[in-house]
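Worksheet for the structure shown next.
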């Protein structure tokens with residue numbers, strides 16, 4: 001019987017996946033302990049037809065070592081732990097779950113933007129340490145005097161744009177792949193990356209992690225930003241050079257940052273980000289709600305089922 005195998009996951013149960021796949025007549029198994037390395041995947045997954053993967057690395061070596069595997073389903077939207085290029089070259093299918101958490105991530109992003117713009121974490125941290133008064137955090141512009149810049153203008157960024165509209169920000173965005181109509185529909189000004197960096201008061205990252213976008217926020221790009229800019233990242237940690245960000249936060253070049261993702265996860269206990277008073281840090285939690293996690297598990301299982309049935313899943317990338 002064709003088999004789907006879960007290499008790794010962080011869910012309390014896989015009964016949702018089991019119901020989808022076993023109802024369709026397929027077997028679902030999971031690896032215990034979970035796969036963390038290429039060798040773990042190669043050693044444990046040789047008899048699988050489809051792999052459901054959360055964090056395990058799926059490299060060209062993995063594909064070449066597992067000829068029976070027809071496809072990979074990534075629990076999530078990003079696929080930076082899967083070598084999609086090699087999958088295409090080797091005739092394997094890769095699917096993600098592209099729409100399961102759009103509201104959750106955009107809600108999380110907006111929460112960070114509003115909190116930082118009102119200097120809430122700054123003031124809260126000083127009160128925790130006996131301080132008082134808003135003067136150290138001035139100026140605090142009205143929302144209507146601020147420009148929100150979005151780097152990336154896909155599904156989540158569009159949701160952020162819609163939810164930001166009532167707060168009266170001017171909105172600009174950069175995305176070389178999005179059509180002009182997407183910007184026009186939401187009343188967002190299309191700008192080049194340099195223009196977003198130079199003119200935005202708040203920069204929110206919504207681009208995928210690729211070789212071109214890795215460390216798109218670094219010392220050089222930070223130098224082009226307005227003094228006192230705010231930065232929010234709910235996309236992928238390596239979009240930001242954290243050492244350069246820490247330097248800018250300490251110097252006040254960036255007056256506040258909201259981060260849900262990091263270059264290394266979990267965030268190391270000795271990371272200087274943990275001790276800064278002008279940051280909001282969350283534990284890669286932007287996508288999480290009871291509803292979104294259920295959707296993730298069900299839709300990932302449906303994608304695996306489709307591959308096993310010889311169909312192309314809705315989230316197929318190759």
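The values are calculated or read from the model by the stated rules, or taken from the named source; none is laboratory data. Only a predicted model underlies this, so the values are computations on that prediction, with no experimental measurement involved. Every residue, glycine as well, gets a Cβ built from its backbone with ideal geometry; the counts of neighbours run over all protein chains shown.
Which number in (1) in a loop (DSSP other than H, G, I, E, B); (2) within 27 Å of residue 277 (Cβ to Cβ) marks the one condition that residue 207 misses?
With respect to (1) in a loop (DSSP other than H, G, I, E, B); (2) within 27 Å of residue 277 (Cβ to Cβ), residue 207 is out only on (2).
Can you tell which of 164, 178 is outside any helix (DSSP H, G or I), surrounded by 11 or more Cβ atoms within 10 Å (Cβ to Cβ), at pLDDT 95 or above and in contact with a helix residue (DSSP H, G or I) (Cβ under 9 Å, 6 or more places away or on another chain)?
Checking each option against the conditions leaves just 178.
Restricting attention to helices (runs of 4 or more DSSP H) lying wholly within the range 2-83, give those where 1 or more residues are within 13 Å of residue 300 (Cβ to Cβ) and in contact with a helix residue (DSSP H, G or I) (Cβ under 8 Å, 6 or more places away or on another chain).
By residue number, 15-23.
Results for (1) surrounded by fewer than 22 Cβ atoms within 10 Å (Cβ to Cβ); (2) on the phi > 0 side of the Ramachandran plot; (3) not in a loop (DSSP other than H, G, I, E, B), shown as yes or no for each residue.
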site	(1), (2), (3)
100	no, no, no
108	no, no, yes
111	yes, no, yes
116	no, no, yes
